[in-house]
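Peer 1: Take this structure first; my questions come after.
Here, each number is a calculation from the coordinates, and none is a lab measurement. Every value quoted in this text rests on a predicted model; they were computed, and no experiment measured them. Cβ: placed from backbone, ideal geometry, glycine included. Neighbour counts: every protein chain shown.
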């Protein structure tokens with residue numbers, strides 16, 4: 001048996017910017033991705049981010065402090081939106097700071113796609129993959145509702161709520177027929193029918209940032225999915241655990 005920290009992460013809105021589109025409208029990922037989640041956790045316990053990394057030019061920092069300390073942490077993300085999706089709406093607003101635009105008047109019209117009422121159940125595996133004092137500090141801050149820097153869902157327009165924090169016991173499982181969290185699609189063989197025959201099938205897929213590249217700190221992506229289709233063969237997926245949830249059981253994959 002192992003233990004994990006679990007909590008609900010939510011907000012009224014959220015915006016996790018996709019870096020590949022920057023003309024007219026900025027788009028968001030549907031789910032909080034691993035790098036963003038590590039940034040939220042790092043903010044809570046006071047680890048430096050990209051701004052601090054750029055300021056400390058005399059130090060050869062390959063990564064921001066939060067990523068350096070937390071990148072090996074194994075996480076699982078369970079979307080709480082219907083079939084894994086969240087409503088998204090385009091927001092239009094003015095950015096009138098002097099350096100925002102070279103247009104006359106210095107006013108930049110910004111269009112962003114925001115998530116509405118996003119909510120995830122987050123799981124952090126306690127397996128000594130990061131330094132013990134860092135993990136214990138995370139556990140202390142989460143359980144006791146403390147933070148050093150305010151956590152946001154992507155940017156400071158979107159305050160994050162962290163609620164219902166608890167420690168759960170989980171057990172490793174080998175044979176699975178379903179997965180209740182996001183997982184790497186290429187690691188499993190997925191069937192054509194739902195695990196529960198009484199459910200309508202759904203399948204969500206997204207290319208999501210899972211790591212930072214060392215030289216320029218660019219995102220590295222993996223194909224993640226969330227589905228109720230039956231898992232026929234888990235092939236390469238590891239770090240699979242289950243835990244009792246009410247009268248049932250949940251199957252989690254950590255990455």
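Peer 1: Sorted by mean Cβ packing within 10 Å, highest first, what order do the peptides 120-133, 144-157 take?
Peer 2: Result, highest mean first: 120-133, 144-157.
Peer 1: Quick one: angle between helix 34-45 and the longest Cα principal axis of the chain, in degrees between 0 and 90, rounded to 10, please.
Peer 2: Computed tilt is about 70 degrees.
Peer 1: Please tell me the relative contact order of the chain in percent, rounded to the nearest whole number, where contacts are Cα pairs under 8 Å and at least six residues apart.
Peer 2: 27
Peer 1: Hey, of [x] 149; [y] 138; [z] 125, which did the structure itself give for volume of the Cα convex hull per residue in Å³ when calculated?
Peer 2: Correct label, based on the coordinates given: [x].
Peer 1: Where does helix 132-143 land angle-wise versus the long Cα axis of the chain, in degrees 0 to 90, nearest 10?
Peer 2: 90
Peer 1: May I pose another question? Take the alpha carbon atoms of segment 8-26, find their center, do the same for segment 190-247, and report the distance between the two centers in whole angstrom.
Peer 2: With segment 8-26 and segment 190-247 each reduced to a Cα centre, they are spaced 21 Å.
Peer 1: Ok, one more. Applying 1/(1 + (r/R0)^6) with R0 = 45 Å to the Cβ-Cβ distance of residue 165 and residue 200, what FRET efficiency is obtained, to the nearest 0.05?
Peer 2: With R0 = 45 Å, the Cβ-Cβ based efficiency is 0.90.
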